[in-house]
Amino acid sequence: MPETKNTAVMNWLFIFTFIVALLVVFGGFVRLTRSGLSIVEWNPISGVIPPIGQQAWQAEFAKYQDTPEYQQINSEMTLPEYQFIFYMEWIHRIIARLAGLFYAVPVFYFLIKKTIPIKEFRVYFLMGMLFIAQAFMGWYMVASGLVDRPAVSHFRLTIHLLFALSLLALALWTALGHKYGFHNTSNKIKWTLPSKLASWSMALLVLQITYGGMTAGLKAGHVSETWPLMLGKWIPPNLFKSWINLFETPQTIVFIHRWLAWLGLIAVPVVYYFVKKQNYPPDIQKGLLWLTGIVALQIALGVLTILSYVNIAVALAHQANALALFALAIYFLHRFRTLDVSRNE
């Protein structure tokens, strides 16, 4: 990790983190409106300009009409309806391009000005590679829905999501380093119990988000519109008949996603108990109480998403709140590790 703290770099990274989060949320909107397969080509340069004129639109629409989604689901779609889903995906790609520029221009400026020393550039270079990786994975995901079925691979969608979250996590962690101090990884700093619990809670959250990604990719949220029962039962039969069900079967995946969240609701108060017992700073104690509320809100939004049969507004609120929860988990883990360092000095 870097060692040189700088307010300008910190502010840039905080804003970049927010843009990445916005990109993820808008990506969710694109998925929920079934707009993601509307643009059947990936043109990083020429794709900046949408079709101009009736002839260009008809040509673009004709490409979409050759896809499984049009032929199997949207065969009665009109050109104006196509233009709506096209613009949703086009805006998503424009936001991604702007995010790329918002990374590239400042990072090279800070590098040239030596605000970021060249010896500390590795973490910022890794951010760039993660951004490129999630962009390529985005197209690789879309391509999986253009061949023989009107849906993208849920594995590719989940990997695309995890790349974006890794980028968000690295940018936010580095920004917090500029604010609270960087951890010297050359020294073996003992992990206190709250830090360990926070890291395990983070691992649990990432697993939950992973299953959320697979749930979205398989549209498993439509499996059952009842809660707490699913398909009329607490535990539907044959959910875990084979290990492959954990990754391929919509009923199993959404069942895990439904109930794994409750472990998070238990984990945060446990962390709070030990933090209060060990007399951590008041702002951390109060923050953990707020975090417990956000976890509860996330579960409530998840239940409402089920009961509303995946209403777009509710589902987007569920996804946005998950990102807020993810960012807060990174924040608390960073704070705990910073305190670990200060207590070992």
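Given the conditions (1) of a type outside the set (Asp, Glu); (2) surrounded by fewer than 13 Cβ atoms within 10 Å (Cβ to Cβ); (3) over 27 Å from residue 288 (Cα atoms), report the number of the one that residue 203 does not fulfil.
Failed condition: (3).
Quick check: anything in segment 309-317 among the aromatic types (Phe, Trp, Tyr) and surrounded by fewer than 20 Cβ atoms within 10 Å (Cβ to Cβ)?
To start, the set of residues in segment 309-317 that are among the aromatic types (Phe, Trp, Tyr) comprises 309.
Pick out the ones that are also surrounded by fewer than 20 Cβ atoms within 10 Å (Cβ to Cβ) and you get 309.
Yes.
Do we find that residue 97 is part of a helix (DSSP H, G or I) and either touching a residue at least 12 places away in the same chain (Cβ under 8 Å) or polar (S, T, N, Q) (or both) in this structure?
yes
Here are 220, 216: which of them is in contact (Cβ under 8 Å) with a residue 60 or more places away in the chain and surrounded by 13 or more Cβ atoms within 10 Å (Cβ to Cβ)? Even if it seems obvious, please write down each step before you answer.
On the way: 220 fails: in contact (Cβ under 8 Å) with a residue 60 or more places away in the chain.
Just a single option satisfies the conditions, and that option is 216.
Per-residue answers, yes or no, for (1) in contact with a helix residue (DSSP H, G or I) (Cβ under 6 Å, 6 or more places away or on another chain); (2) more than 23 Å from residue 49 (Cα to Cα); (3) not assigned by TED's automatic domain parsing to the domain that holds residue 322:
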residue: 83; (1), (2), (3): no, no, yes
residue: 94; (1), (2), (3): no, no, yes
residue: 116; (1), (2), (3): yes, yes, yes
residue: 119; (1), (2), (3): no, yes, yes
residue: 126; (1), (2), (3): no, yes, yes
residue: 146; (1), (2), (3): no, no, yes
residue: 166; (1), (2), (3): yes, yes, yes
residue: 171; (1), (2), (3): yes, yes, yes
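Considering (1) surrounded by fewer than 14 Cβ atoms within 10 Å (Cβ to Cβ); (2) closer than 19 Å to residue 96 by Cβ, say which one residue 27 fails and leave the rest.
Here residue 27 meets the rest and fails (1).
From the set of residues in segment 35-69 that are assigned to a helix (DSSP H, G or I) and touching a residue at least 40 places away in the same chain (Cβ under 8 Å), which is farthest from residue 149 (Cα to Cα)?
My answer is 48.
The values are calculated or read from the model by the stated rules, or taken from the named source; none is laboratory data. Note that the coordinates shown come from a computational prediction; the quantities given were computed from them, not determined experimentally. Positions of Cβ are backbone-derived with ideal geometry, glycine not excepted, and every protein chain shown enters the neighbour counts.
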